[in-house]
Structure formats: structure tokens, C-alpha cells
Amino acid sequence: MVAAISLPENLDLKTAAPLKAAFLERRGAEIIVEADQVRRLGGLCLQVLLAARKAWEQDGHPFSIKGPSEAFVETTRLFGAAGALLPTEFQGAES
Amino acid sequence: MDELEAIKVTFFQECEELLADLEGGLLAMEEGAGDLETVNAVFRAVHSIKGGAGAFGLEPLVRFAHVFETLLDAVRAGSVPNTVELAAVLLRASDILADHVSAARGLGDVDMAASAAMAAELEQWTDPNATPTAPAPVAAPTVAEEPAPAPALIGADDDAMDGDDLGFVFVPQTITVEAQAADAELIPSNVWTVSIRPKSDLYRKANETALLLRELSRLGPIKATLDDSALPLLQNLDPEAAFITWSVRLETDQDETAIREVFEFVDGDCDLEITRGEGSVEASIAALTAPAEPVAAVEPIAPAPEPVEVAPPIAPPAAAPVAEVAPAVEAAKPAAAAPAAAAAAAAPKATPVEVPGPGQSVIRVDPERIDRLIDLVGELVINQAMLAQRVGEYGIAPSSNLAMGLDELEQLTREIQDSVMAIRAQPVKSVFQRMPRLVREVANMTGKQARLVMDGENTEVDKTVIERLSDPITHMLRNAIDHGLESPEERKAAGKNPEGVVRLAALHRSGRIVIEVSDDGKGINRERVFGIAVKKGLIAPDLQLTDEEIDNLIFLPGFSTAEKISDVSGRGVGMDVVKRSVQALGGRISISSRPGQGSTFTLSLPLTLAVLDGMVVDVAGETLVVPLAAIVESLRPKPEEVRPLGPVGSVLAVRDSFVPLIDVGLTLGYREESPHPTDGVVLLVEGEDGSRAALVADAIHGQRQVVIKSLEQNYQQVEGVAAATILGDGRVALILDVDATINLRRREGGAPRPPEPSLIAAE
């Protein structure tokens, strides 16, 4: 079974808690995180994403981010989190 | 209210203060008084607006602020000379910035074409030699040839994320170019390591590390390395707490101050360490992590040139209207303060040093709470008066413990009331500071040269009054420039300075606030005014009027002197509207004019709409309250001091002068025939305009503080009556409007003209 999460446009303070809850609900199976809608990514949601990725790694289930939007890629690189979050083809030079 | 919305509201409040500081600073620069500190303050104001706007994603505002800020930064660095011409451009830019703020707030629109043109102009100033690449030439033709797109753009402005770049001059690429330019000049020593450790508060205040990083990247290429070692497991993660820290390698030719400025908005919410050179990530993070709490104290977060910001809150808070509240807050922050704490309060305001105490309110309180408190205190005052009256009725000796206790209670009540009123009192500055822009715009529109001189900006008045001052002042200023001042040519011909002076002043006079708007223009053309009034059928052509009466014709409904409807004043609302709105506030407006020398509008309003010190008097069986501020003295006239004048009137000889005797009972219609003045008590009162009159009452009950209850709100306006109040025994008493009473009497004839005919209150 593969679970999916579609990230909302705005990943800010208010989204962090629901996002965490959404991840916890889907725990225990492979997950695909759809990041094509994202226009803004904040530090708090970045934390949730990183923690989720670690959790999935720990559980031994695949965790992947699909079709990241330009904003998502750009901000993730800015955060220095490209290596951890982005699919390999997006892991270019971190700006 | 949504938490973020609430923060946004605060941001816009701060914006207002910042815009005011900005304008103040720019005006100082325009007068040639702009030292480096002023330029710094101006820069900080724009920078703060930009930062806050960035946090809320208000793109058009951020972009404009950025161009503005870039120029100011150049001025600050000395690469662009600080001239008077520059200040004029910056002032216009600040107007547009204010428009952007209003638009972001959902109030009004921005003229995008003007904004783009201004942005281009600012860029031109920043670097006169730069071949204005894409921006300027593109923008100009767009504006010139196709005015049509402009309105379409305006709508888009509200939604910051929309692609409203069409007419926009500054594309983000400009920044990249700068960054690359910086890149080219790089020398190895320009590598910095910035360790950032955000606190949870940073996110809670709607700030964002991503924005900080992005802002850093504008200084030069960055490489961020994040450390998530402190990040808890997903199930244990508090989603709103900050755990990740960053170490950023930054290459820039800017100095440390520039780097610190990026973090100006997050002072205290983010631990920061900036070191030159390549820092080892582990080391710098460890340095930050080690002294867990006191980091802020060790780390001077406030940038070097800004200790002034930290200083004011520690400076005497006595003058501040919120003095009673402030110390508590002040105490909470140790004086030597973690710059964090002090800066958190001071930094967002970037208050320039020259602004005195009252500008620095420390607490933001919902005005409704204060209003409620004031209402309650009003009830307390009434209740206390009732209690005193009851006790009096029982015939308790004034020296008894009970009576003395009551006296103390009265004093305390009084003090509480004063303190509460002081919380709501504000300097009129908040209204005045919007006026320079108005004057600039109106002068531009009418092709006149006008300089605004303001006086008494720190005069304090109750907030309820302040809110309603803006419209009348705006109207009077417009009127003064449009109708009062002559065109520069006419002025030259008349031997005057082509630049007209409009003066706006506020002062306290006999318990009221007086606002004066005067100009040095041509004065009222009485012949024309009279002619128009006749033509419009407002007066009979054969009416004999004094000069003052003619001047006051402009307050008649339906009177408008502008021959053609001008953009400025001829909007179908005349001075009669101003007069009515002023009267509704319990105020009065009058005009005095001298041909060739100018006119002065005088507006007088009560300081507060809440309480009043009054003399309780008896007139024909009714209890009235006469405002104490108007009373000069009370006396019992001797028969030989009363002289008849005309068929009904009489005057009273007071020392060396005669003043008209006015029977209050007769004037207000309580009785048909007035008793002889020697049977009653006379209150010698002084009106707004300084004219005196002797009011006859039957008896005086004493002095009391009363709570004003509006008659207009609860009933309707009654001539000669200012408001009502509730007395200690629960009865309603009317508060006498002294000026209106004098005027009522005067109009009926029989009383001589006041000694100063130059000012007649227009009733």
C-alpha cells in the first residue's frame, strides 16, 4: 500500500501541526509527498518534513517527494535541505 | 481574531508609525537638517516596512520598498549626496510607499504607473551612470502610450502573489545583477559564517527563516548547512517549536552591519553569531548552543550604529501618556537589557531620537478596553457623588471619620479618572503628520507653492476627539491653499514671497483644544462673497452686514466660492459641512480675515468628551451645570453696578469695564421675564473668543465634576446646551454651552458687541 500526501500551497506556521498529524496518520507504509502545489515553505514545516523523512527511514518504508514545485526546490536548497528532501535530479548546486 | 491576522494588524499599525517617522525624517532632510542619524532613521523606517511586508508576502510593497531602501542605503553610505532635491524626490517616494501600505491593507489603490515611474526615478538617483537597462525606458512608453493597462494593474495589487509584473519596473533580476557584481569584486577575506538559531518565537511572530536566508542571499552567494540534530522524533515533535539551526557561509563585500541588518526584525527571536572567514559548522553551532539561555545577553544583536533605539525606553518615561502602565513593562525588562528585549520593543518602530516621550507608547491595548474603563470610571464618579450626597443628607459632621473618608474617596476617584483619561490622551501629531503630504498634493494640483508650518503637534487631546479632527483640518487646509493662497505670479506681483505659508497650530486654551489654520494669502474677497450669497439667494441684496458677518457667510449651507468646480475643494461639500461636523463634536469654528494678508480659521473643541468640571447652579427651578473653564468669577451685583442698555438689555459694571448681562433662564426659555440681577448671582464668563459676559443665575450650589452624557446621541442637539449629566441625586442636569448662550442672546439683539469684533464665533 502506498499513501500519499498532497502538500498545500502555503507551508507556514499554521500548516505545521496539521502536516505532522497527516504524516502520523499515514505512518507504517510507503509514502509519496506531492509538492507540486507548494509556493511557500517555512522553517517549521521543513522540520516536520525532515522529521517525517527520518521516521520513515527508521520504519524502513520508502519516503519520496514527487514533482516538487520551483518554489519548493528553491526554498529547500536555500535551507540547505536539498540533499535530505529533494529527489536526486533536483539536488543540483545549492544556491 | 486569527493570530496571524492580529499580527498583521500590528504590522500595519507599526507601518503607520514608521511612515510618520519616515516623513518626519525626510522633512528634516528637506530643510537641510538631515544629519547622518536622520538618514539612518529614515533608512530603518523603510527597511522595517519592507521586512514586515516580506513576512506577509506583500510583494508590490516589498519591491517598491526595496528600490527605495537601496537609494537610502546609498545616501547613508555617502555615495549619493544628501541634497534638498533628493529629499523632495524621497518625500514623493514616501507618499507612494504609503499608498502601497494602504493598498496592502485593502484601503485604496496604488497608481501603478506612478509607482513604476517613481521606482525608475529612484534607481536613476541610486546610480546616475547606470544605463537604465530594462526598467526605465520600458516603463515610460508603457505609461505614455497605453494609459489603459494601469487601472487593470491596480486591482491585481491586492493579491500579492498575482502576476502583476506587467507594468512593474523592478524585476527580481536586478538583485541578482547586484549580487553578481559583488561576486566579481570578491576577495577571499569576504567570507563570513553566520550561525542562525531561530527560537520558537520567531515563527510565532510570523517571521520566517527562509526569508532571512533569502535576504542574506541578496548580500552575496550563500550556502546554508542545516543542523537537525536537535530535531525530536516525528511523534514527539512540537510542530510550532524551533529545533533546526543553520550555519551559513556567505560571500559578500558588505560589512558585518549589513549582515546584522538582515536580522533586525528578529532581534531576540533568533540567536545569531557572525564570524569572518570559514567557520566550522560544528564549532559555531556549539558556540551558540553552549550557554543556552544567556546567549542574547552576551550577543549584542542590535547593530552598532543603533544604540539610540535601545536608549529611549530607558529614558524618562514620565512624559509618556501611558506612564502609569509603562513602568510595569519597563520593569519587566532589566534596564541593561538583553538587547533582545529592548530591541523587540524599540526596533520595529525605529523611532528617531528627536521624537519625545509620547511617541513611544509601549503597550498596545484594544481601545475598546480603555473606553470601557472610562465608562466605568464615569459611573464610579456618579456613584461617589451620590454617596456623598446621601451622607450629607444624614447631617454627618464634615469632620467625622466618615466624611473625611468620603473626601479621600473623592480625591482617589478623581486621580483614577485623570489617569484613565491620560491613557486615552494622544498628541495631535498623529493627525498633523498626515498633513504635509496633503499640502504637497493640493499645492501641486492647484499650481501653487505652499509651505506648511506646524506648531503644537504634541498638544494632547482625547482619542475620541483626535479621530474626528482629521476631516475638518483636511478641509480647512485644502480651502486655505485653494482659495486662500494666490498663484506664485500673483504673489510676486503683490510683493510677496511666491511660496505661500500655511500654518497649522494646536494649543490648549481655557480647557479646550484650539486648532488654527491660517494662510498668508489674499484674504476673503468680501465683495465677491457677498455677491455670491445674494446670487444664490442666501441673503437679501440690501442686507447690511459687517465684514465679519460677510466672512461668516462662507459657512452657510449651499455656499461655494469656487467659480468652477475644482478638483480640490469644490466637491460639493463646503465649509458648512465642516461647521456641522465640528458642532456635532461640541466645537465651534470661526474665521478672521484681512484683505491682502490672509485668513485664519479657528476651530475649538473640548479636550475630552467624557468629563467636565462644572459649577452647579439653579435657574428658574432647573439645575444647570456651567463649565468651570469658562467661569472667571462669581459675584453678587450691587444695584448701582447694573445699567440698562437699550429697551431690554442691561450691562454690568465690573471694575473698569461693562459686560452684557444675560439671564440664562430667559435665554433658554425657562421663564418669560427675568428677575432683577441683584436678586440672583452673576457668573462672569469668558467665551472662546475672549469676549466676556455676565450670566445671571438664581443660586449657586457648588463645584462638581460631572460625567458628560451626549444629548446628540441620546436625544438631539439643543441650542445653548452642550450636553447633559447625571447628578448625585440621580437627576439629569443640562450642561450650559456658554458661547452658544452668549451668541443666542447677542443674536436677539440688546447686547453690545464684544470688545474684539475681529473674531465672531459662527453659530
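Each value in this text was obtained by applying a stated rule to the coordinates, not by laboratory testing. If you're wondering where the values come from, they're calculated on a predicted model, not measured in any experiment. When we count neighbours, we look across all protein chains shown, and the Cβ atoms used for this are built from the backbone with ideal geometry, even at glycine.
Please give me the summed charge of the neighbours of residue B:480: other residues whose Cβ is under 13 Å from its Cβ, Lys and Arg +1, Asp and Glu -1. All intermediate terms of the calculation are to be shown ahead of the outcome.
Numbers: positive: B:448, B:451, B:478, B:503, B:522; negative: B:482, B:486, B:516, B:519, B:520.
Counting the neighbours of residue B:480, the net charge comes to 0.
Radius of gyration (Cα atoms) of chain A, expressed as a multiple of 2.2 N^0.38 Å: 0.98.
Loop-located GluC sites (Glu not before Pro) across segment B:20-109 with a Cβ neighbour count of 12 or fewer within 10 Å are B:31, with loop assigned by DSSP.
Placing a label point 7 Å from the Cα of residue B:455 along the Cα-to-Cβ direction, the residues of segment B:480-519 with a backbone N closer than 15 Å are B:501-509, B:514-519.
Counting only other residues whose beta carbon sits under 13 Å from that of residue B:239, what net charge do I get with K and R as +1, D and E as -1? With Lys, Arg at +1 and Asp, Glu at -1, the net is 0. The mean sequence separation of alpha-carbon pairs under 8 Å and at least six residues apart, normalised by the residue count of segment B:428-606, gives a relative contact order of 24 percent.
The ranking of A:36, B:21 from fewest to most other beta carbons within 10 Å of each one's beta carbon is A:36, B:21.
Residue by residue, segment B:652-659 carries 3J(HN,Hα) couplings of 10, 8, 10, 6, 9, 10, 10, 10 Hz when phi is fed to the Karplus relation 6.51 cos²θ - 1.76 cosθ + 1.60 (θ = phi - 60°); x denotes Gly or Pro. Compactness check for segment B:428-606: Cα Rg over 2.2 N^0.38 Å is 1.01. Residues in segment B:637-644 carry Karplus couplings, in order, of x, 8, x, 6, 7, 8, 10, x Hz; the curve used is 6.51 cos²θ - 1.76 cosθ + 1.60 with θ = phi - 60°, and Gly or Pro positions show x. Counting Cβ atoms of other protein chains within 10 Å of each Cβ in B:245-256 and taking the mean gives 1.
Most exposed first by the Cβ proxy, i.e. fewest other Cβ within 10 Å, how do B:29, B:445 rank?
Placing the least packed residue first, the sequence is B:445, B:29.
The mean number of Cβ atoms from other chains found within 10 Å of a Cβ in peptide A:61-73 is 0, as a whole number. Positive contributions from Lys and Arg (+1) and negative ones from Asp and Glu (-1), summed over other residues with Cβ under 13 Å from the Cβ of residue B:372, come out at -3. Distant-in-sequence amide contacts of residue B:611, defined by a placed amide H-H separation under 5 Å and a gap of 5 or more residues or a different chain, comprise B:708.
For residue B:662, the residues 5 or more places off, or on other chains, whose built amide H falls under 5 Å of its own are B:694, B:695, B:696. Dividing the Cα radius of gyration of segment B:611-761 by its Kirkwood radius returns 0.95 for Rg/Rh. The ranking of B:725, B:667, B:464 from fewest to most other beta carbons within 10 Å of each one's beta carbon is B:464, B:667, B:725. Reported value for segment B:379-496: 151 Å³ per residue, from the convex hull of its C-alpha atoms. Note that segment A:14-21 has calculated 3J(HN,Hα) couplings of 6, 7, 4, 5, x, 5, 4, 4 Hz, one per residue in order, obtained from phi through the Karplus relation 6.51 cos²θ - 1.76 cosθ + 1.60 (θ = phi - 60°); glycine and proline are x.
Based on alpha-carbon atoms, the Kirkwood radius and the radius of gyration of segment B:483-527 give Rg/Rh equal to 1.15.
Close amide-amide hydrogen proximity is noted between residue B:524 and B:594, each under 5 Å apart and 5 or more residues distant or on a separate chain (H modeled in the peptide plane; Pro and chain starts excluded).
Can you give me the Cα centroid spacing of segment B:77-101 and segment B:464-513 in angstrom? Comparing the Cα centres of segment B:77-101 and segment B:464-513, I get a distance of 25 Å.
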